[in-house]
Amino acid sequence: MSVCARAGVLGSAFYFMHKSRAVFAEAKQDVGSKQGEYDLKLVQVIFRHGARTPLKPIPHKEQVEWSPALLETPVHTQFDYTVTDLAGGPRPHSPFEERYRSHKLKGGTFPGQLTAVGMQQMFDLGARLRKTYVEEKSFLSPGFKSSEVFVRSTNIVRNLESTRCLLAGLFQQQQEGPVTVVTSESSTEILYPNYQGCQELKHLTSNKMSLASSQPGMSDDLKKIQEGMNIDDEKDAGFFLLLDNLLAQEVHGFPCSLEDKPHLQRAESRVIDIVSYVMGPQNLEVLRLSVGPFLHALQSNILDVVNSGAEDAQRRKLYLYAAHDVTLIPLLMALGIFDQRWPPYAADLTLELYQHQASKEWFARLNYNGEEQVVRGCEAGLCPLEDFLSAISEFVVSPEEYLKECSRTQSGNDRQ
């Protein structure tokens, strides 16, 4: 067994004993200079799952060993939940999960599995949310209440388990009644760009990926990385595969991640270049179909609060959405706050809705990984709701529009 492979379990232990930052180290962001004048009315959190095993191994003679010991569940991350479809029926079939379970990585684990490191990351995120919304703002109840919290996840086990760990951190294993996580059929999922469910999106992006990969310098950079890492089968080791593996190795403390750090940085830069080429702001229609239905859902939740009675006791206070890196990137692009970095494991995008006490005017505020952001079209972090909704309006797509645009005919007239 290689040194790199042996160190996986030790890397996980190191993570728990020597975490580089405390759970609550994020800087606190006040809502304006007169925070007491604003009442928090709604919080929506979109988050990426925690650290996981790679989706596919690097074709390398000395592959990293992903041992089942890396998947052991920390007791404090336990939280009981059930999964249903959007209508409350049985959990749908998951073709993605079926695909993961059809292969095994070296060491015995399946691809794409949430690890103990990832579970702790999600618990830490939940604890940060608890500090803000339970302890500091007294917005949420100390224990889970289904009347206050709505939970939706993509139908992939690492996301469902990440949600469990977040809830454990947020509510410290306290709950009143059952926790139900709703999910969708893969063909109708809106929590990631759905290339299979939207044929128009697939058509718009079908050639862009290969064109992006053939941009000047791409092939040279890829060859340098492959040679530097002694890749055996170069044709199966593109930038995305390399980045996925290198990020997973780094967060789990494999020593080879230190020598591969320059390769990781170059792979990340090139992957960002490719994604920006495919769905950057210059490709409005791709962005709209990638996240438009999800933005519509977020907007609808806001408008439900704005249009409801002043003291609606049954109104949901928190919406949790377990998504992916490929969800966050187009969302950040649409909002004008993409930082040209790949979203880390357990990244969160938090959208808050406030009402000014005196004027009764509404405001939106956005945080990314605990840091306040200024949305494109807004002058400050605390943005008048009208300005915020105007800023995202060109990307919002209603369910009816989405179905119509996704099934658009392929005639030349429709593409002018």
Exercise. Within the range 325-335, how many residues are touching a strand residue (DSSP E or B) at 6+ places or on another chain (Cβ under 9 Å) and either at positive phi or buried (at least 20 other Cβ atoms within 10 Å of the Cβ) (or both)?
Worked result: 5
For this session: Considering only residues that are open to solvent by less than 30 Å² (accessible area, probe 1.4 Å) and either acidic (Asp, Glu) or not in a helix (DSSP H, G or I) (or both), look in the range 198-216 and name the one that is farthest from Ser187 (Cα to Cα).
Result: Glu200
Seminar exercise, completed: Exactly one of Val157, Val117, Val179 is touching a residue at least 40 places away in the same chain (Cβ under 8 Å), among the β-branched types (Val, Ile, Thr) and closer than 16 Å to Arg316 by Cα, and that one is Val179
Seminar exercise, completed: Restricted to the range 69-94 and to residues being open to solvent by 70 Å² or more (accessible area, probe 1.4 Å) and within 14 Å of Leu114 (Cα to Cα), the residue nearest to the chain's Cα centre (by Cα) is Gln78
For this session: Please work out which one of (1) polar (S, T, N, Q); (2) at pLDDT 85 or above; (3) in a loop (DSSP other than H, G, I, E, B) is the condition Ser20 fails and give its number.
Result: (2)
Problem set entry | Answer residue from the range 217-243, given it is free of Cβ contacts under 8 Å to residues at least 40 places away in the same chain and assigned to a loop (DSSP other than H, G, I, E, B) and is surrounded by the most Cβ atoms within 10 Å (Cβ to Cβ) among those | Gly238
For this session: Answer yes or no: is there a residue in the range 112-134 that is under 22 Å from Asn369 (Cβ atoms), open to solvent by less than 20 Å² (accessible area, probe 1.4 Å) and of a type in the set (Ser, Thr, Tyr).
Result: yes
Seminar exercise, completed: Within the range 293-328, the count of residues that are of a type in the set (Ser, Thr, Tyr) and either in a helix (DSSP H, G or I) or at pLDDT below 95 (or both) comes to 3
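The values are calculated or read from the model by the stated rules, or taken from the named source; none is laboratory data. These numbers come from a predicted model, not from an experiment. Because the Cβ atoms are built from the backbone with ideal geometry, glycine has one as well, and the counts that use them run over all protein chains shown. Just so you know, the surface numbers come from the protein's heavy atoms only, side chains and all, with ligands and any DNA or RNA stripped out. Shrake-Rupley method; radii C 1.70, N 1.55, O 1.52, S 1.80 Å.
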